[in-house]
1. Ignoring ligands and nucleic acids, what accessible area does K429 show with a 1.4 Å probe (Å², nearest 10)?
2. Would you please state which residues of segment 75-103 a label at E155 would reach in this model, taking the label point 7 Å out along Cα→Cβ and a backbone N cut-off of under 11 Å?
3. Let me have the relative contact order for the chain, percent, based on Cα pairs under 8 Å that are six or more residues apart.
4. Kindly sort W572, W497, W107, W24 by accessible area of their heavy atoms, largest first, with the probe set to 1.4 Å.
5. On average, how much accessible surface per residue is there in the chain, in Å², for a 1.4 Å probe, leaving out ligands, DNA and RNA?
6. In nm, to one decimal, how far is the A44 label point from the M551 one, both placed 7 Å along Cα→Cβ?
7. Helix-only mean residue ellipticity at 222 nm, the chain, DSSP H runs n ≥ 4 weighted -39,500 (n - 2.57), per residue, nearest 500. What is it?
8. What is the Cα coordinate range of the chain on the first, second and third principal axes, sorted by size from largest, in whole angstrom?
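The values are calculated or read from the model by the stated rules, or taken from the named source; none is laboratory data. Only a predicted model underlies this, so the values are computations on that prediction, with no experimental measurement involved. Note: ideal-geometry Cβ built from the backbone for every residue, glycine included; neighbour counts use all protein chains shown. The protein model used for the area step is the full one, side chains on, heavy atoms only, and it has no ligands, DNA or RNA in it. Shrake-Rupley method; radii C 1.70, N 1.55, O 1.52, S 1.80 Å.
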Amino acid sequence: MPFMHYNMTEMRRFFRGVINNRKWIVPLFIAAALVCGYCRGLVAVNYDMNDYLPEHAPSSVALDVMSENFDGAIPNARVMVKADSVKEVRDIKKQIADVDGVIEVTWLDDSYGSFLPLHMYPKTLVKSYYTDGHALLTVTIDKNKRIPAVNTIREICGDDCAMTGSAVSTAVATESTIKEVKIITILAVLFGLLVLVFTTASWVEPLMILFGLIVAVLLNAGTHIIFGEISFVTNAAGNILQMAVSLDYSVFLIHRYEKCRRAQVGAGAGRTGVDTVKAMEDALVESASSILSSGLTTVIGFAALITMQFLIGPDLGLALAKGILISLITVFLFVPGLALMLTPLIDCTMHRPLLPSFTGLGRIVAKAMVPLALVFCIIIGPAFYFSTQNDYFYGASHIFGPGTQYGDDTQKIRDTFGVQDTYVLLIPKDDAKAERALVRELKDMDNVISVTGMTSLRGFSIPSEMMPSSVASQLESQDCRRMLLSVSVDYEGTPTWKLVRGVRAATEKYYPGEYFLAGEGVSTYDLKTTVSADMIKVNLIAICAVLLILMLLLRGFVLPVILVTVIETAIWINFALPFFAGKAVFYTAYLIVSSIQLGATVDYAILFTMQFRKIIGADDGSALTMREVTIRTIAETAPSIFTSGVTMTVVGFLLYFISSHGVISQLGYFLGAGTLLSMTLVFFVLPGLLGLYYRRRKELKR
């Protein structure tokens, strides 16, 4: 007890200093927020998922080796144009090649030399490049000039142009997400303001709390400059997630402040005799442990993302963990001074409570909580099993579906030329016999359309001295040779995984440990391998860390297990639903939401449990039945839980309905549905589990 007293004394002294220095702390925070708001515009956003592969991934290493040996990069766009003749194709190709940002444009004539007439090529090969009056060009676009280059190519090719590939999808994602994030942010702020109007007692309090949130969000967004750049996921969801998760910290503090003021009135001070500084000091001391425990579990849940090899996880995890810490600092340092300055205005704009009483909800839950707890225990196993049976998308090939320009363009190209991709294989140049054997084996593989390399060209009866230097320089460097594999598989899927493994196995036979393979499908295969390995690690770290925090907070083992099981089951149900709906899941969204839902919504279970225990431990607690404790707990915790939960749910569904980016949209859906499920289980299942637990301890009547 002396230690606890010492801690409380030090805490009170610290908060007293904060309050006494509010006249310079408040302006300092506002000035810092303005500076960070400016800095936010200097933070670059990366929309390319493949850039977030770990540096040690085989395809990442292959790209580095290729850039050291060859000028050209891997083709990242396919452009289908309407052309009535080969001459027209070549004219369009030249115009595209002159576009700023276009590194290279290739067609059939580049692969085998423009000196050969079209009829001299195999018909099956020609069909991959020209069919039904349409030509398919392969384009390499500079990653730093994707947007203007893609837009210029569309202008050149006209309305009949269709474009697909990672450069195109990234350009589209960049432009669309920038517009959509602005709309989502505005709507999220307006809805947050509406929620605050219902959960506060003054017309000014919502504006004050929202202002504090905006300051925290700006501070976090501006300090992203230390990272250099952030991912598209962090850019789209980071700010509004920070706002939704930390909303209840300020609300809890302000509610406690009002309680402390009313306590002084009840003690005979009278409304005019209330010491607001003392009331705020008491409110900070009394609410600090609850706010900190809530914030800490959230930070831990987000920080688990940092352990992912797929670097979007650390990107978002660091941003959100930093954001929650900044929100906590803002609540404890900035909001108290701001509230004290605005207290006279708050008092002038008081209104009656707008939220209904939740006693009715408590009565409904009390009638069915034990059966619901038993049903819950039965569905835990099936929920976990079916949550692991989904089909997954790992890369960016499905982020824009039917109905979007990119999705429709991709389908047009597939309908005309079939599914295609290009792989680049680097091998040593000193073993011609092994190279010829490898080329033969690669050509015999299913889904390999053609293999372009020095050996294959010479096999086309082209003398070395007649080979154009532009072609030779792209296929041979001082240290290695490069093969281009045109393949008829998508960027991801079972045939793709099989082909990548097959190409690697065949090459390993002839050049063990001396080859490098790159390409869109290859990167997606490595992405799949990386994120799949992250799954168990990230979830276990998040669960164990949250369990540890809860064990320290609740001073036991059983209650933390109950709380984590409730929230984890909500997560499993959330990800079991797509299996029954027959919908594929973006693995990135699955991994991120698993950690976010645990870290953000376990707070609801903590708040409910602590209030449940507090009522049992009160003077009249031992005389209450389980039904009465449940009704009182729901009535007292529902406003706080709904404040954060409803906001998080709406923010999630805003992302889902507004974002055209598949990963962000699905992340929003799972976030909204998951928060709703967590709230549902906390209100309808947790009471029965807590009742059974405390009844066994004989601390609660039937």
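1. 70
2. From segment 75-103, the list is 100.
3. Details: 1055 pairs, mean separation 139.6, N = 702.
Worked out over the chain, it gives 20 percent.
4. On the way: W572 60, W497 25, W107 5, W24 140 Å².
Most to least solvent-accessible, the answer reads W24, W572, W497, W107.
5. On the way: 29450 Å² over 702 residues.
On a per-residue basis, 42 Å².
6. 4.4
7. On the way: 25 runs with 468 residues, N = 702.
Helix-only estimate at 222 nm: -22500 deg cm²/dmol.
8. Here the spans come out as 104, 53, 45 Å, largest first.
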